[in-house]
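The values are calculated or read from the model by the stated rules, or taken from the named source; none is laboratory data. A quick note: this is a predicted structure, and the numbers were derived from the prediction, not measured. Cβ: placed from backbone, ideal geometry, glycine included. Neighbour counts: every protein chain shown. Ligands, DNA and RNA are excluded from the accessible area calculation, which covers all protein heavy atoms including side chains. Shrake-Rupley method; radii C 1.70, N 1.55, O 1.52, S 1.80 Å.
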Amino acid sequence: MSLSSAVKSKRERGCFITLEGIEGAGKSTHIAPLSTLLASMGLRVVTTREPGGSPIAERIRALLLDPGNTGMDETAELLLMFAARAEHLSKTIRPALESGAWVLCDRFTDATYAYQGGGRGLDPRRIAALETLVQGDLRPDLTLLFDLAPALGLARARGRGAADRFESETLHFFEAVRAVYLERARASPERYYLIDAAAPLSDVGEQVEQALRALIETRRGETVDVSGTGEEA
Ligand code: TMP
């Protein structure tokens, strides 16, 4: 049987994969090749991003990133992230997963813990309460964390043109963001795959592919276990 039918046979819902990391870590560069790799395995793939990923959520994104909105209240920022996420989940992510597609999302709620929790210093318990309200029990199946030193990431990001409202933050802010990402990855090693984003592009691509293959193997194991017969459909 084909790999795609092994993955889909006994579990209809698609896999939810998120890409995380500070600015300049390169996650956006790797999302297209990742999508191509999954499609080459016969899987249907939806690529999306946060904040954004649906028409209303993209309008909220524009508000959030506008460098003219300096001094936005931190709780307002947090609520806008989750307002965008609620739209994105109902219009894009949930329908895609329910139809059996795999969803590749450039940032998700880990970014809220890292940026609004770590960077802005908001209480993670408030974030957790909103996470439950907006997502119920939906969590990513795999999170690729592109890790690198903020000084390097910021130098890369700032070389790309005008800075948005987050890219204008200090090195100290991004150190705090990175620390929360790493803490979360250590706390849930079964969900995170840590990628050395300072490595050459081709090495990073290989790390991404390895993470994907590991996830597919796990899913394949689960589909066999669920049947209880040891047979693949
Ligand atoms: P990017 O999509 O170009 O990386 O920009 C999105 C920015 O929004 C990035 O600086 C991280 C920030 N962000 C948060 O602060 N909290 C969030 O929950 C998300 C999804 C993004």
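Note on Asp110: accessible area is roughly 0 Å² with a 1.4 Å probe, heavy atoms of protein only.
Between Glu217 and Thr36, the simple spin-label model (points 7 angstrom out along Cα→Cβ) gives 2.5 nm.
Computed from the Cβ-Cβ distance with R0 of 22 Å, the FRET efficiency linking Ser168 to Ser188 stands at 0.10.
Classify the range 65-105 from the C-alpha gyration tensor, please: rounded if a/c falls under 1.5, else prolate or oblate depending on whether a/b exceeds b/c. The shape class here is prolate. Between the Cα long axis of helix 124-135 and the first principal axis of the chain there is an angle of about 50°, rounded to the nearest 10.
Per 0.36 nm of contour for each residue apart, how much would the distance between Ala151 and Leu133 grow if the chain were fully extended, relative to their Cα-Cα spacing? Walk me through the intermediate numbers first.
Values: separation 18, 0.36 × 18 = 6.48 nm, distance 3.52 nm.
Result: 3.0 nm gained on full extension.
In the chain, the longest principal axis of the Cα atoms and the axis of helix 27-40 are about 10 degrees apart.
If you add up the charges near Leu130, with Lys and Arg at +1 and Asp and Glu at -1, over every other residue whose beta carbon is less than 15 angstrom from its beta carbon, what do you get? Residues close to Leu130 contribute a combined charge of -3.
Is the shape of the range 82-177 best called rounded, prolate or oblate, per the rule: a/c under 1.5 gives rounded, else a/b larger than b/c gives prolate, else oblate, with a ≥ b ≥ c the square roots of the Cα gyration tensor eigenvalues? Here the range 82-177 falls in the prolate category. When +1 charges are put on Lys and Arg Cβ atoms and -1 charges on Asp and Glu Cβ atoms, the dipole computed for the range 116-165 relative to its Cα centre reaches about 320 debye.
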